[in-house]
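Working notes, beginning with the structure itself.
Every number here is computed from the coordinates shown, using simple stated rules; none is lab data. Treat the numbers as computed from the prediction; the structure is a model and nothing was measured. Cβ coordinates were reconstructed from backbone atoms using ideal geometry, including for glycine residues, and neighbour counts include every protein chain displayed.
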Amino acid sequence: MMVRDMAEATPLPPHLVSHIAQILNLPASGVRSVIPLLDDGATVPFLARYRKEATGNLNEVQIRGIAEQTTFFRDLLERKSTVLNSITEQGKLSDELKARIEAILDRSELEDLYLPYKPKRRTKATIARERGLEPLADYIYAQAPGAWDIATLAQSLLDPAKGVTTPEEALEGARHIVAERISEDPEVRKEARLLLFQEGIIFSRKAMDAKDEQEKFKMYYEYREPVKTIPSHRMLAIRRGESEAVLYWLIELEEDRVLERIRSCVMRRAGDWTDHLNLAIEDCWKRLLNASLQGEIRLELKRRSDLAAIETFQQNLEHLLLSAPAGPISVLGIDPGLRTGCKLAVVDETGKFLGDEVIYPHTGRTTEANHKLAALLAKYQVRAIAIGNGTASRETDAFVREFLQTHGLTHIFRVTVSEAGASVYSASEVARQEFPNLDLTVRGAISIARRLQDPLSELVKVDPKSIGVGQYQHDVDQRQLQQSLETIIESCVNRVGVDLNTASWTLLRYVAGISQRIALNIVSYRDANGLFRSRAQLHQVSGVGPKTFEQAAGFLRVRDGDHPLDNTAVHPESYDLVERIARSLGQPVQELIRQPQLLANLDPAGLPAGSFTLQDILSELTKPSRDPRDRFVAPAFSDSVRELTDVQPGMVLEGVVTNVTKFGAFVDLGVHQDGLVHISEIANHFIKEPAEVLKAGQIVKVKVLSADAKTRRIALSIKALQAPAAGGKPASRPGKARRFSPVAPTSMSEKLALLSAKWRTGESRSA
């Protein structure tokens, strides 16, 4: 995905580039290199994988951080320009003010500085100025003795025609002007804002006459927690309670503390103005500043909570998308049902739809169901059966298990698959385009089957918000959430790679540099001309120019094509280098792929490539097209536990982590109701958040602490099954989990360098 069109890019001053490097703790040289590459249309996956020499081996997260900071500071520069123009038009821009504005690096500070110059609605201070009371306000605010005393000055400004008839009225109006000035003082706002963050307490209470029948917000009926430490999930819960008119909340702060802080910023000396200045300060806080800053901090708390919730969603989605695939095998997908029957659909090794059927094994038509199931399995040589985890899932699983055992079909395995979002997909425009003549229920069964084959390829067709791995996902900024999830999908797709001849346009559109229009053009070209024989054929697709080809080619695969490297992650721009390596070893390229041990004899000296590029090429030749995802392992649900009422305290069960939040993890036990492992029940040692230990899709063993069929709540524990090792930490992670262990790019580089060195020295491949 392009970060910003080159025509829109504004060059950043060197000091801002250095500031970005400091914020992100990155080398300034890397930041300087990345920004123009992004401006020139390079995608983040491409830069992270194929421009390591230019970026200094920065990873995707670091490059995206540079892109985000660059956008932020460009927006800040535009806002500064607007502010400077506005103040200039008012004739109030001094050299000192201009220098202060140009030096600002924080948006809040800029807005504080601009506040006195913003066009205002009619206020009490405006009315006081119209009445000619500004000289009296100047006297109070300046705190400098002069020819006048405050009483005499107030008396001199009386004007019945303007509504000022007494000294008290004059002084009150002057205090309104002073209060507004104080509220607009950047230093005062900064100090008061900081105090609210540091010492403010969020206080929520149940609204009068509020209805909360299920008591979802009971813990927040009378609740207090510091602003600076409240976690995102509790803040979002309170906000949801407010939006549903169950709760109201505010930020409490000891008034004397904030008034003392404001006085320290405003008061310089005592005089006959002191009492009036104190009154103005109190008025400023109660009438102006408190409400303004409360609004700001509410927005900041929302932003902070959104970011944390979105980050959790991103982590869950990433692990779900990178779930281990069963691979290219024929699969029968079952969308289970009771009265309406079970919808069956078979797909071949490439995911192509072959046939469908409906059976009713749970309504007395078992014999008929057996015959239909046997016919489908025999006709299409099915290797696996994927059963959706919705209604009647356990009953259907039991029926299939008994059928396979009775018929001795041990070569066919069955798996329960999450069907979250399958119904959304089946009714979507994408599904209608794929299967215009099929019923929604059949489309759902096809999706379930394909999810077993390759979760990534199928889940990209579903709105990620429908997959059910978010935390208060409907309460966060939807635009920001969508952008963040698109970023994760793009990262996962390019990390795994895409088969050019089998990928749908919905998958192709996430390949670096490929838009939805180009993805559709690729599929159209493939339909019209047959399978791609090489990556080079992409040049013949409408819309694929040199830039698109450069960005996308390395992430696309052509199996059994004309060039052996087209099925690897080696970029076409490096083909000449690989051929040179092959010639130096006296072997064709194909033989290097078939016998990677030949690379042990390679002398890299003199090869025209940087160390990072050469390292990646050697690693890819060692294990060409190796899928970075883990090996597929199916969870084994207990046959004796099928309904929530079967779950009893003390049971030890195996399940699949479906969602990881800041407060715990939800585990599917196969009873249509996920159980919760609270963060306090995950490990015998301290963990800051559940994601340190658990990932979506991980298989775990849990102990049931409690199960309430009425409230449909199951409390689980993982730490109860752990034997503390030395130091109180568990000896190993729970269960026979899929090990999702993404390696940091720096560690990966070290690993690949070691691997390349081992090959050159002839050490064992297994090392």
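Just a few scattered comments:
- One decimal place: the segment Q381-Q294 gains 24.8 nm when fully extended, by the rule 0.36 nm per residue minus the C-alpha distance.
- Per-pair calculated FRET efficiency, R0 = 56 Å: A636 and A103 via Cβ, rounded to 0.05: 0.35
- Reported label for calculated Cα extents along the principal axes in Å given (i) 89, 72, 57; (ii) 106, 71, 60; (iii) 88, 71, 54: (ii)
- For the stretch 331-453, the dipole from Cβ point charges (+1 on Lys and Arg, -1 on Asp and Glu) about the Cα centre works out to 120 debye, to the nearest 20.
- Cross-link pairs K228/K662; K92/K124; K218/K703; K211/K302 - those with Cα-Cα distance over 20 Å: K92/K124; K218/K703; K211/K302
- What separates the Cα centres of the stretch 133-170 and the stretch 419-463 is a distance of 76 Å.
- Extension gain (nm, one decimal) between S524 and T391, 0.36 nm per residue minus Cα-Cα: 44.1 nm
- Report summary: the helix-based calculation at 222 nm, which adds -39500 (n - 2.57) for every DSSP H run with n ≥ 4 and divides by the residues of the chain, gives -14000 deg cm²/dmol.
- Distance in nm between pseudo-label sites at K190 and H411 (7 Å out along the Cβ direction from Cα): 7.5
- Hypothetical label at T363: residues of the stretch 422-442 whose amide nitrogen lies under 16 Å (7 Å Cα-Cβ projection): 441-442
- Ordering S393, L194, L110 by Cα displacement along the dipole of the chain toward the positive end leaves S393 in first place; charges were set at the Cβ atoms of Lys, Arg (+1) and Asp, Glu (-1).
- In this structure, E242 and S611 have a Cβ-Cβ separation that, at R0 = 35 Å, corresponds to a calculated FRET efficiency of about 0.05.
- Calculated FRET efficiency for the pair Q214/D439, C-beta based, R₀ 30 Å, to 0.05: 0.30
- On Cα atoms only, tilt of 745-761 relative to the major axis of the chain in degrees: 40
- The chain: angle of helix 255-266 to the longest principal axis, Cα-based, in degrees nearest 10: 70
- Charge-dipole axis of the stretch 331-453 as Lys and Arg at +1 and Asp and Glu at -1 on Cβ define it, positive-most pick from L452, P361, Q405: Q405
- Farthest towards the positive end of the charge dipole of the stretch 331-453, among the residues V424, T340, L438, is the Cα of T340, using unit charges on the Cβ of Lys, Arg, Asp and Glu.
- Modelled label reach - Y117, point 7 Å along Cα→Cβ, the stretch 64-81 residues with backbone N closer than 11 Å: 80-81
- A crude spin-label estimate for the pair E199 and E225, with each label 7 Å from Cα along the Cβ direction, gives 2.3 nm.
- Modelled spin-label separation between A147 and R580, with each label point placed 7 Å from Cα along the Cα-to-Cβ direction: 8.7 nm.
- Under the convention that each Lys and Arg Cβ holds +1 and each Asp and Glu Cβ holds -1, the size of the dipole of the chain around its Cα centre is about 1860 debye.
- About its Cα centre, the stretch 306-393 has a charge dipole of approximately 520 debye under the convention of +1 per Lys or Arg Cβ and -1 per Asp or Glu Cβ, with nothing else charged.
- One decimal place: the segment Q673-K623 gains 13.9 nm when fully extended, by the rule 0.36 nm per residue minus the C-alpha distance.
- Sorting 583-594, 299-310 by their mean Cβ neighbour count within 10 Å, with the most densely packed peptide first, gives 299-310, 583-594.
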